[in-house]
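Everything below concerns the one structure shown next.
The values are calculated or read from the model by the stated rules, or taken from the named source; none is laboratory data. Please read these numbers as outputs of a predicted model, since none were measured by experiment. Using ideal geometry, Cβ is built from the backbone for each residue, glycine included, and neighbour counts are taken over all protein chains shown. Quick note on the areas: whole protein, heavy atoms, side chains included, nothing else; ligands and nucleic acids left out. Shrake-Rupley method; radii C 1.70, N 1.55, O 1.52, S 1.80 Å.
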Amino acid sequence: MTKILNAKGRPFSWSFSRLNDFENCPKKYAESSFYCTAPYVQTPEGAWGDRVHKAAEMFMKGIPHKDEEALAPVEPYCTQIIRSGCHTEAELEIALTRDLKLTNWFSGAAWLRIKIDLIVEISKIVSSLVDWKTGRTIKHDQDQLRLAAAVLNILRPHIKQYKGAYIWTQHKKVVPIDPIDASECPAIWEGFIARVYRMEEAWRLERFPARPSGLCPWCQSPNCASRRGERRGDGVRMY
């Protein structure tokens, strides 16, 4: 693929959240990540999520902090993990190049960026992955932690199995994922690569059609026919 730069002169890269944004609505994704016409505006819910993640990170790293309100939803889980005596890593940032080599997070060669909330080393060959969720609606989607396992499998081939869970703090509910054997990781990669290929094609062709969905009423995208309820044919180019 020819290296096409976005409006800020940056090459294509992706993350799990950007992939979700693209699959939800290519047009909205393009405004924030390709044309860069929609500056990021953090919602109160997003700010709360950041506070909770930061409080959990600092607690797990033994760093003093004062945000007791944000720590409260995760402290019982963190304390239980610490008492287990297992080695942990909090908020691990990983950036990979297109050929899946480790690189600097801010490098222009970074093709994939992923941040893993918490890794718990259960044994020398088994790790558990934890993802804090602060939203109101519980979603039973294992993709995010499956991607994390596939990434770690490249960097840590000695790990033979990954377990994990999403912890929904508002509901005080732990939703485990199915255990992932290292032998499954190539297939996980194949699935994600196929999805990312469609993102890259959208960049190459500069084609980002709107995708109407139940999210449209909350979208702030200007001049979008989907928001006005207008009928369009499939594949109409919105730019």
Inset, instruction - Sort out the exposed loop GluC sites (Glu not before Pro) in the chain (DSSP loop, at most 12 other Cβ within 10 Å) and tell me the longest stretch that has none. - result: 1-205
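Nearest 20 debye, what's the magnitude of the dipole of the chain about its Cα centre given +1 on Lys and Arg Cβ and -1 on Asp and Glu Cβ?
640
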Legend entry - Prolate/oblate/rounded call for segment 25-125, Cα gyration tensor, a/c under 1.5 rounded: oblate
Inset, instruction - Based solely on C-alpha atoms, express the radius of gyration and the Dmax of segment 1-47 in angstrom. - result: 11.6, 39
Legend entry - Karplus (6.51, -1.76, 1.60) ³J(HN,Hα), θ = phi - 60°, over segment 37-52, in Hz, Gly and Pro reported as x: 9, 10, x, 5, 10, 6, 7, x, 5, x, 5, 5, x, 4, 5, 5
Inset, instruction - Can you tell me the 0 to 90 degree angle between the C-alpha axis of helix 185-205 and the longest principal axis of the chain, rounded to 10? - result: 30
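Given axes a ≥ b ≥ c from the Cα gyration tensor, I'd like to know whether segment 87-132 is rounded (a/c under 1.5), prolate (a/b larger than b/c) or oblate.
Prolate, since a/c reaches 1.5 and a/b exceeds b/c.
For the chain, what is the calculated [θ] at 222 nm in deg cm²/dmol (nearest 500), taking -39500 (n - 2.57) for each run of four or more DSSP H residues and dividing by its residue count?
Numbers: 8 runs with 85 residues, N = 239.
Theoretical 222 nm ellipticity from helices: -10500 deg cm²/dmol.
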Inset, instruction - List every residue whose amide H lies under 5 Å from the amide H of Arg98, counting only residues 5 or more places away in sequence or on a different chain, with H placed 1.01 Å from N in the peptide plane. - result: Trp111
Legend entry - Dmax and Rg, reported as Rg then Dmax, of the chain (C-alpha, Å): 19.3, 58
Inset, instruction - Would you kindly find the accessible area of Trp132, with a 1.4 Å probe and non-protein molecules such as ligands, DNA and RNA excluded, rounding to the nearest 10 Å²? - result: 10
Inset, instruction - Round to the nearest 10 and report in Å² the accessible area of Asp141, as given by a 1.4 Å probe over the protein chains' heavy atoms. - result: 70
Legend entry - Prolate/oblate/rounded call for segment 54-95, Cα gyration tensor, a/c under 1.5 rounded: oblate
